1. Enter the per residue convex hull volume of region 74-162, computed from alpha-carbon coordinates, in Å³ rounded to the nearest integer.
2. Shape of region 22-80 from its Cα gyration tensor (a ≥ b ≥ c, root eigenvalues): rounded if a/c is under 1.5, otherwise prolate when a/b > b/c, or oblate?
3. What's the center-to-center distance, using Cα atoms, between region 25-61 and region 168-219 in Å?
4. Please compute P(r) over all alpha-carbon pairs of the chain, binned at 5 Å starting from zero, and give each bin as a whole-number percent.
5. Pop the C-beta distance of residue 171 and residue 59 into the FRET formula with R0 = 41 Å and round what comes out to the nearest 0.05.
6. What's the tally of Lys pairs in region 1-139 whose alpha-carbon atoms lie under 23 angstrom apart, where the two lysines are 8 or more places apart or on different chains?
7. Order 124, 56, 36, most accessible first, counting only protein heavy atoms with a 1.4 angstrom probe.
8. So if we plug the beta-carbon distance of residue 137 and residue 33 into 1/(1 + (r/R0)^6) with R0 = 25 Å, what FRET efficiency do we get, rounded to 0.05?
Amino acid sequence: MEDGTIVLTGSEGEKHYTRTVILAVGMGTLEVNEFDSEDATRYAGKNLHYGVEKLDAFKGKRVVISGGGDTAVDWANELEPIAASVTVVHRREEFGGMESSVTKMKQSSVRVLTPYRLGQLSGDEERIQSVTVCHTASGQREDIEVDELIINHGFKIDLGPMKEWGLEIEEGRVKADRHMRTNLPGVFVAGDAAFYESKLRLIAGGFTEGPTAVNSAKAYLDPKAENMAMYSTHHKKLVHK
Ligand SMILES: Cc1cc2nc3c(=O)[nH]c(=O)nc-3n(C[C@H](O)[C@H](O)[C@H](O)COP(=O)(O)OP(=O)(O)OC[C@H]3O[C@@H](n4cnc5c(N)ncnc54)[C@H](O)[C@@H]3O)c2cc1C
């Protein structure tokens, strides 16, 4: 608004009036990348899974996991001791997962197929019985019998309506200066939502950015405010306790 008030409208239409906003929306809304096939839609929620809710459901089963990131590698390692067999199908030679987890997976009984793509899903109305995998270079195909198929093809990330605010966005995130200010007056950012050179997308990163954004918001409202962190060590009330 002209006086600098920001009006935020929630999804139910409710309005919030404020002079400062700290965006801590992570990567925005996350939606799993579904396997693009009509069969996948038919089997989703039956024996095609995009996540693992109960490990026990995979006990003694022949499991195929498609994907090569942290999630695929972690589930392969978790399921290996309890499933009848685990096969990981990944379209690249290199895995994106943590090095120690990838090594653990490769040294276990998990069958690792790279560089392979997941192809056709075959089965009856209710369940997938086999999947066809295809070598990305030679085109060589193999049918693998399966009881449970897990797809871990990453997430779609979306800042949603925030993309229309006029924020400077880079790599899907909001550009921030070292004070966690965005290009919009009164709008600050912290955590995974922030983009700046050397940004670490870790919980520890957000620990500093949060207080910095709060300090900057306070300074925006009250330019004379001291930009100083309060030490709990010297805090009178805490010392007393
Ligand atoms: C698989 C995986 C493993 C990880 N492992 C580690 C690890 O071991 N150690 C580590 O330090 N970090 C790890 N991370 C990174 C860590 O999770 C993030 O750095 C951290 O969660 C970022 O915190 P955040 O508060 O900025 O965002 P988030 O934790 O993503 O929180 C953002 C919140 O905002 C909400 N939101 C989004 N859009 C809107 C909207 N329009 N309106 C309202 N709410 C909204 C979201 O629903 C969410 O609740 C991992 C991340 C992933 C994906």
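The values are calculated or read from the model by the stated rules, or taken from the named source; none is laboratory data. Only a predicted model underlies this, so the values are computations on that prediction, with no experimental measurement involved. Counting neighbours? That spans all protein chains shown, and the Cβs are built from the backbone with ideal geometry, glycine included. When the accessible area is computed, the model is the full protein with side chains, heavy atoms only, and any ligands, DNA or RNA have been set aside. Shrake-Rupley method; radii C 1.70, N 1.55, O 1.52, S 1.80 Å.
1. Taking the convex hull of the Cα positions in region 74-162, it is 157 Å³ per residue.
2. Since a/c reaches 1.5 but b/c is at least a/b, the shape of region 22-80 is classed as oblate.
3. Measuring centre to centre over Cα atoms gives 32 Å.
4. Reading upward from the zero bin: 1, 6, 11, 12, 13, 10, 9, 9, 9, 8, 6, 4, 2, 1, 0.
5. The calculated FRET efficiency here is 0.50.
6. The result is 8.
7. 36, 56, 124
8. Step by step, r from the Cβ atoms, then E = 0.60.
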